[in-house]
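Read the structure below first, then the notes.
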Amino acid sequence: MTGSAAKSYLTFDRSNNELVIETERLILRPMRMSDVDDLLEYQSNPEIVKYIPWPARTRDQVIEAAEKTIATGKFDIQDENDYIVLVWELKDRDLAQPNYSEGDHLLQKMPAKVIGQSNMAMRSKRDSCADIGWVTHPAFQRQGYAFEATRALMQYAFENFSLNRIIADIDTRNPESAAMAEKLGMRREGEFIDSEFFKGDWCSMWLYAILKREFLH
């Protein structure tokens, strides 16, 4: 079940004009400039951004994009073109690395790791419709993180924003994303043939969607 009977998140915090959502394994939070090294690991990967409207980014481009996201992103979506970007920080910091100092074996916790991000934007205020997308670091794919993060954001959005419907536009060459949309309970409502000229080629798109009453049943 996708809805509230299977709780998608543990807690949320909207203090300090930020949105932070905690799930079993992740903290979904606003992007920070200290995330740049982690963001670069997947945003610079051509395979990861193949179906995403970014190029494979250099470090300078990651910095520029992060600065824009931090400056213009919101923690609430009310008007058209309002958008939220939340990175996925792993909660498990128990991984340790040895550090030898004067013969003593010290264990220092590794810094928090960002392994992906969620994006949500108001598509139509009149129709109470938002779109959603997700990106996962290649080393953390197929471990349920994208599902966990996306389901939590969808539940939070339906419970706290004026939304009746959430959609996802998915390239037909990306069946893995389509499978995750279906796992989230979204239905495929249509296929648009050669509907976008994207990164030098015509591509077809699937439209996936779910209604508030369906998700929260």
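The value of relative contact order for the chain, using C-alpha pairs under 8 Å at least six residues apart, is 18 percent. The residues neighbouring Arg25, those whose beta-carbon lies less than 9 Å from its own, together hold a net charge of -2 under the Lys/Arg +1, Asp/Glu -1 convention. Of Ala181, Ala112, Ala149, the residue with the greatest mean-square motion in the GNM of the chain, using alpha carbon springs below 10 Å, is Ala112.
Here, each number is a calculation from the coordinates, and none is a lab measurement. Note that the coordinates shown come from a computational prediction; the quantities given were computed from them, not determined experimentally. Every residue, glycine among them, receives a Cβ derived from its backbone with ideal geometry; neighbour counts consider all protein chains shown.
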